[in-house]
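One structure is given here, and the rest of the page talks about it.
Read-outs: derived from the displayed coordinates by stated rules, not from any lab. Predicted model only: the values in this text are computed from it and were never measured. Counting neighbours? That spans all protein chains shown, and the Cβs are built from the backbone with ideal geometry, glycine included.
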Amino acid sequence: MTRFVFVTGGVVSSLGKGLTAAALGALLQACGYSVRLRKLDPYLNVDPGTMSPYEHGEVFVTEDGAETDLDIGHYERFTGVSARRNDSTSSGRIYSAVLEKEREGRYLGQTIQVIPHVTNEIKDFLAEADGSADFVLCEIGGTIGDIEGLPFYEAIRQFTLERPQGQCALVHVTLVPYLESCRELKTKPTQHSVKELRSIGLAPDVLVCRSNLELPERERQKIALFCNVHQDSVISAPNLESIYLAPVALHRRGLDRAVLQSFGIDPLPLPELSKWRTVVKRIANPEGRIRVAVVGKYTGLDDAYKSIAEALTHGGLANRVSVEVRWIPAENFESEDPRIHLEGCHAILIPGGFGERGSEGKVRAAEFARTEKVPFFGICLGMQMAVIEAVRNLLGVANAGSEEFIPKGEEHLDQIEPVVFYLEEWIRKGSLEVRCKDGAKGATMRLGAYPATLQEGSKVASIYCCTTISERHRHRYEIDVRYRDRLAQHGVVFSGMSPDDVLPEILEIVDHPWFIGVQFHPELKSRPYDPHPLFADFVRAAINYSRLF
Ligand code: GLN
């Protein structure tokens, strides 16, 4: 039997609902259960693929090529379970499905309404996961009380009612603020948000109370009484130094017990948390510290490069060091000497990105790393910029560039020699995929997991310890393989290729301590307890570099 846990949020957004769901998933796994995590987002975008990283944080790509919310990334990092395309949905997706059915005449002339048509569509989404795991955890985006979320809450109410008793539970994540003026933790916002839940027919089984401080017994009692929740189910969730402390911290405060008890599970299993305890120990006792410069476009917003930041942390855990990231806007390098900004940094990473802004700065950062022998990791756009730099400065093609940066309608001007070009046909799982240049934005990219073949004896083959890998992609443009032989003469080698030997997937510089570019996004597959080999090795190279001084 599949049990469903719904995770909602109250009072304010950004409380860490997604992290709570992810940590709970990890705890249930540690208790021996299989889990699946899913997300229902109230926004009207059909998927987050076209949403600005400034507003929404990074787009996380699943194995099967779906562009999803960054919370899905947390789910994967905590549970190691690969999310699937249909593990997330949004109001936009639900409404389009309903409208499509209406156009097809599938409702036989009925008046289409939020209840039952939209709620039925949501319930179908929920039911689809039935049987796929012991526990399915569904996070509802947004905050209780938002207009957009109502159909989701209503669908959960109906779904819970229609299932046999004891198959669904509701975990509500809420805020207990500390008021400096009276030096007190305030429970009223939590009471109000539970009242809000009740007014739409939902009652929480477990309350996760986020706060700056540990919640004392008295406050937990009060919340239990006023919110009609058992005191053991009022979980104190104070801020933590690292998100990876959450599974152990929430276990100590009784989250897994409370959830399992709400399902009437008896006897309660004891979670096997050794891998998480190792993570906790390494976070608490780093043996050193390195600093990595991330040269990108959206450096003003932490969430824009969430998976990169996390993968660097994991790389640090693998080497028992803490990794500090210095976010540097790439444009800085267009007018200023990279040296000024890179002082005290032990490695340079250029992450993925879109658009021309800052691209010349990225090319300069790659040049600096190559010539100064600073460890360099170029990811997706970062690899493309490194190739452009090498073609310009080693092969002397001064106007080498990317087709991405040629303004529409100016293709005929021939000002740029496109080393990075728009790919119109490629092979996915044995069949040809085709798209055209003026296709609509969204869903026009090479997305999801693709295999690559690594050159025997290359650095990357020794890092991965194999010669066939699979990594996730998200890009429109590709590096032109025509430059392969000429670049190789300068020690710049495409050491990873698509299996048909057409698309360069990895670049490495032979005569450099660590200069690797990858066309894919390895950060998406890194886990705190199982760091991605490229990130682990990159951090190792940064440690070595730091010892030179
Ligand atoms: N903008 C580049 C492309 O579409 C790189 C994309 C990325 O870095 N994810 O190919």
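Descriptive notes on the structure:
- Hey, residue 207 of a type in the set (A, V, I, L, M) and over 32 Å from the mean Cα position of the chain (by Cα) or not: no
- Residues of the stretch 130-152 that are farther than 23 Å from residue 83 by Cα and of a type in the set (Ser, Thr, Tyr): 143 alone.
- Cross-chain or 6+ apart pairs with Cβ under 8 Å, the stretch 178-193 first and among the hydrophobic types (A, V, I, L, M, F, W, C), then in a loop (DSSP other than H, G, I, E, B) and surrounded by 11 or more Cβ atoms within 10 Å (Cβ to Cβ): 179/186; 185/176; 185/177; 185/213; 185/215; 185/216
- Condition check for residue 263: of a type in the set (A, V, I, L, M, F, W, C), under 20 Å from residue 386 (Cα atoms) and surrounded by fewer than 21 Cβ atoms within 10 Å (Cβ to Cβ): no
- Any hit, the stretch 315-322, residues being β-branched (Val, Ile, Thr) and either more than 15 Å from the ligand (Cβ to nearest atom) or assigned to a helix (DSSP H, G or I) (or both): yes
- Any chance residue 98 is among the β-branched types (Val, Ile, Thr), in a loop (DSSP other than H, G, I, E, B) and surrounded by 15 or more Cβ atoms within 10 Å (Cβ to Cβ): no
- Residue under evaluation residue 333, criteria (1) surrounded by fewer than 23 Cβ atoms within 10 Å (Cβ to Cβ); (2) more than 20 Å from residue 520 (Cβ to Cβ), criterion not met: (1)
- Number of residues in the stretch 453-506 that are under 22 Å from residue 541 (Cα atoms), among the hydrophobic types (A, V, I, L, M, F, W, C) and within 15 Å of the ligand (Cβ to nearest atom) equals 1.
- In a residue-by-residue description of the stretch 478-491, the property of being crowded, with 22+ Cβ neighbours inside 10 Å and among the small types (Gly, Ala, Ser) applies to no position.
- Some residue of the stretch 184-205 being surrounded by 23 or more Cβ atoms within 10 Å (Cβ to Cβ) and part of a strand (DSSP E or B): no
- Of the helices (runs of 4 or more DSSP H) entirely within the stretch 336-419, those holding at least 2 residues that are within 12 Å of the ligand (Cβ to nearest atom), touching a strand residue (DSSP E or B) at 6+ places or on another chain (Cβ under 6 Å) and closer than 22 Å to residue 297 by Cα occupy 381-393.
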